[in-house]
C-alpha cells in the first residue's frame, strides 16, 4: 500500500475525529468510514475511491469505484 503513487498519509487528529463524529450524525456512516470521509473533506478532496456505496450518501464527496 505504501508504494501507491501520490499516496499521502494524513493523521487522524482531534479535528478530524471531531469532524468524523459530525459525519456519523449526518450520514449514519460507520466510525471508520466517517474518519476516512472527514479526512478527505478536511483535505479538500473532491472524491473518495472505494467499493463501499455507503460513501454515496455524502454530499461533500463523490465516490469513485476501484
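Read-outs throughout are calculated quantities, based only on the coordinates presented, and are distinct from any laboratory measurement. Here the structure is a predicted model, which means the values were calculated and not measured.
When the inverse distances between all different Cα atoms of the stretch 14-64 are averaged and flipped, the Kirkwood radius reads 10.5 angstrom. With a cut-off of 8 Å between alpha carbons and a minimum separation of six or more residues, what is the relative contact order of the stretch 2-66 in percent? About 24 percent, as a whole number.
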